[in-house]
1. Give the cross-link partners of K11 among the lysines, using a straight C-alpha distance below 24 Å as the criterion and excluding same-chain residues fewer than 8 apart.
2. Please report, in cubic angstrom per residue, the volume enclosed by the convex hull of the alpha-carbon atoms of the chain.
3. Once ligands and nucleic acids are excluded and a 1.4 Å probe is used, how much of K323 is accessible, expressed in Å² to the nearest 10?
4. Please compute the volume of the convex hull spanned by the alpha-carbon atoms of region 25-171 and report it per residue in Å³.
5. With Cβ to Cβ distances under 9 Å as the rule, what net charge do the other residues near T95 carry (K, R +1; D, E -1)?
6. Give, in whole angstrom and from largest to smallest, the semi-axes √(5λ) of the equivalent ellipsoid of region 164-245, with λ running over the eigenvalues of the Cα gyration tensor.
7. In nanometres, what is the gap between the two model label sites at V227 and R341, each 7 Å from Cα along Cα-to-Cβ?
8. Treating the beta-carbon of each Lys and Arg as +1 and of each Asp and Glu as -1, no other charges, what is the dipole magnitude of the chain about its Cα centre, to the nearest 20 debye?
Amino acid sequence: MTDFNAVPARKPARPQFSSGPCAKPPGYSPDKLATESLGRSHRAKIGKTRLAYCIDLMREVLQLPDTHRIGIVPGSDTGAFEMAMWTMLGARGVTTVAWESFGEGWVTDAAKQLKLDPTVIRADYGQLPDLTQIDFSTDVLFAWNGTTSGVRVPNADFIPADREGLTFADATSAVFAYDIDWSKIDVATFSWQKVLGGEGGHGVLILGPRAVERLETYTPAWPLPKVFRLVSKGKLAEGVFKGETINTPSMLAVEDAIFALEWAKGLGGLEGLKARSDANAAALSKIVADRDWLGHLALDEASRSKTSVCLTVEGADADFIKKFAALLEKQDAAYDVAGYRDAPAGLRIWCGATVDTQDIEDLGPWLDWAYAAVKAG
């Protein structure tokens with residue numbers, strides 16, 4: 001066993017391994033942000049121009065087709081996904097697919113808040129449900145990448161092109177890290193603070209043409225709060241998807257997102273981001289393979305996340321993990337690596353593109369050190 005008195009000589013240069021908010025892009029500094037829009041109305045020309053530029057950058061980096069609209073909305077990914085649920089569900093049956101806590105949140109919303117009696121398809125943490133059970137004549141809600149379980153859908157092949165219902169994908173830990181077949185996605189949501197390492201509070205809502213048709217032809221039975229309203233006089237509020245936000249955005253957060261998107265574009269866009277995330281996940285997998293006390297919560301590599309990687313620790317309970325993570329934080333070797341509170345006790349290491357692979361590699365000896373120290377009491 002590693003000698004816990006022998007502290008590793010080299011620390012990760014950037015020990016931010018949180019799965020949200022995630023590490024800022026390499027080279028980030030607040031003084032590099034454009035600030036001309038601050039203190040101005042977001043409805044002034046400069047505000048609308050920067051918001052539209054942010055939307056255009058997201059479209060370019062995501063390789064999103066012109067068939068899909070992008071809007072910046074309140075409330076982070078949760079706000080964006082609930083906006084979609086409240087405005088579009090109820091027109092037909094609903095199927096919710098859940099294999100971790102955020103997916104379970106959408107089950108709760110559909111069943112207890114909207115009272116839709118959804119069909120629920122579940123799997124335990126670390127596993128992916130049987131996606132062949134899904135009835136696509138219903139509207140289908142799922143998380144592309146389960147942030148708290150480290151399990152993702154491998155691709156969109158399970159979604160039929162001739163589906164009758166809409167697909168709602170919570171893609172917050174997936175966009176900018178995987179290829180997404182946008183022809184299979186009617187609604188997608190995410191937040192900047194995941195794969196882009198942006199600031200919180202704002203969500204992004206992506207609508208395909210079938211979702212727009214639903215909005216313009218269906219009125220839900222329940223009242224809609226102002227911040228959820230996407231239709232005016234029976235037509236989509238197109239301004240929302242051109243930078244005319246429903247309520248006042250933080251232009252500082254917008255400029256922060258623009259910095260990350262310009263950084264991503266400089267890497268070569270989506271391909272560059274995917275390559276960095278893939279390299280990070282591979283480096284962490286090597287660390288796991290070399291240690292018999294570490295394992296992946298997601299056993300099936302095909303459905304294992306390459307962003308929010310969840311690990312098991314032999315013999316660990318919640319108290320063990322709390323001490324483990326606290327030791328690493330005290331040494332400034334790794335921040336925020338304890339697994340999600342509702343997940344099985346373990347570690348969660350963010351491997352998205354804003355993390356440097358060298359920092360993942362340098363983390364390995366520190367995991368050994370912390371494990372030995374906690375085992376020694």
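The values are calculated or read from the model by the stated rules, or taken from the named source; none is laboratory data. Nothing here was measured: the structure is a model prediction, and the numbers come from that model. Note that each Cβ is placed from the backbone with ideal geometry, even for glycine, and that neighbours are counted across all protein chains shown. When the accessible area is computed, the model is the full protein with side chains, heavy atoms only, and any ligands, DNA or RNA have been set aside. Shrake-Rupley method; radii C 1.70, N 1.55, O 1.52, S 1.80 Å.
1. K24, K194, K286, K306, K322, K323, K330, K375
2. Cα convex hull per residue, to the nearest whole number: 133 Å³.
3. Approximately 110 Å² of K323 is accessible to the 1.4 Å probe.
4. Output value, Cα hull per residue: 160 Å³.
5. Net local charge, T95 excluded: -2.
6. The equivalent ellipsoid of region 164-245 has semi-axes of 24, 17, 11 Å.
7. According to this spin-label approximation, the distance is 2.1 nm.
8. 1180 debye
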